[in-house]
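Contents: one structure, followed by commentary.
The values are calculated or read from the model by the stated rules, or taken from the named source; none is laboratory data. None of these values were measured; they are calculated from a predicted model. Backbone-built Cβ (ideal geometry, glycine too); neighbour counts: all protein chains shown. Accessible surface areas use protein heavy atoms only, side chains included; no ligands, DNA or RNA. Shrake-Rupley method; radii C 1.70, N 1.55, O 1.52, S 1.80 Å.
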Amino acid sequence: MGELVLIRHGETEWSMTGRHTSYTDLPLTAHGEEQARSLAPLLASRHISCVLTSPMQRARDTAKLAGLDHTKVDPGLREWDYGGYEGVTTRDILRERPGWDLWTDGVIPGPEGHPGESPQQIGERADRVLARAEAAFANGDGGDVVLVAHAHFLRVLTARRLGLPPADGALFQLATGTVSRLGSEHGRHVLTSWNRQP
């Protein structure tokens, strides 16, 4: 069986400045596009059976620029809904809520349609994506399953894949334009490569 390959999208204007970005559909910066293109050599030698992407432009464009073909959009791969913290930096949130921690405290409600998500809700969504990835492995030809998505969501997904609670996604820092891999050893899910840049 192949590995689960995680790709965080390239840089956007808001990721560059540390603003929480979930449902705001920002394009990649020129640097973000270059980051995405530079991932192609890391992926070229891999046997890929399935590529799932977030519906957001920044993820879909990253997949395309990295040379990934035949992608399928999976709405479950969207970023953590930051609710009322959309577009706000952690520094600004801490001014209002000293000691706040996304991983344990979650977010405040946002505009209509964006109530925000708790760490538990993100964990449950990650579990559903992982179930779809397992189905892709089962129905595939032994190759990798690639997920192109967002930092906080992929960090929670990694924690869940390793049998950890959603809040332990805090342990897995993830930069823009990176490739990470989750495999197995002796029947156990393991981290085989993390946060790799060309």
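Assorted remarks:
- Relative contact order computed over the chain (Cα-Cα under 8 Å; 6+ residues apart), in percent: 31
- Less than 5 angstrom separates the built amide H of I48 from those of D144, all sequence-distant by 5 or more or on a different chain.
- Top positive-direction residue, dipole computed over region 4-188 with Cβ charges, set H114, L77, L52: L52
- About the Cα centre, charge dipole magnitude for region 4-188 (Lys/Arg +1, Asp/Glu -1 at Cβ), debye: 360
- Gaussian network model of the chain, springs between alpha carbon atoms under 10 Å - residue of D81, D105, D61 with greatest fluctuation: D105
- Accessible surface, region 4-188, averaged per residue in Å² (probe 1.4 Å): 46
- Listed values (1) 48, 41, 25; (2) 50, 38, 28; (3) 60, 38, 35, entry calculated as Cα extents along the principal axes in Å: (2)
- Net charge in the neighbourhood of G110 (other residues with Cβ under 10 Å of its Cβ; Lys, Arg +1, Asp, Glu -1) is -3.
- Charge tally in the Cβ shell below 15 Å around L174, where Lys, Arg are +1 and Asp, Glu are -1, L174 excluded: +4
- The 3J(HN,Hα) values that the Karplus relation (6.51, -1.76, 1.60; θ = phi - 60°) gives for region 77-84 are, in residue order, 8, 5, 6, 3, 6, 7, x, x Hz. Gly and Pro appear as x.
- Computed over neighbours whose Cβ is under 12 Å from that of R8, the net charge equals +1, Lys and Arg +1, Asp and Glu -1.
- With Cα atoms defining each centre, region 61-77 and region 23-38 are spaced 13 Å apart in the structure.
- Taking each residue as 0.36 nm, the span from L164 to R196 lengthens on full extension beyond its C-alpha to C-alpha distance by 9.3 nm.
- Cα-projected label distance for E185 with A138, points at 7 Å along beta-carbon direction, nm: 2.7
- Among P109, P98, P166, the largest mean-square fluctuation in a Gaussian network model of the chain, built with springs joining Cα atoms closer than 10 Å, belongs to P98.
- Highest-MSF residue in the chain out of E134, E96, E86 [GNM, Cα springs under 10 Å]: E96
- Taking the helices alone, the chain has a mean residue ellipticity at 222 nm of -10000 deg cm²/dmol, built from -39,500 (n - 2.57) per DSSP H run of at least 4 residues and averaged over all its residues.
- For region 4-188, the fraction of 1.4 Å probe accessible surface lying on carbon and sulfur atoms is 49 percent.
- Tensor-based shape of region 1-111 (alpha-carbon gyration tensor, a/c under 1.5 rounded, otherwise prolate or oblate): prolate
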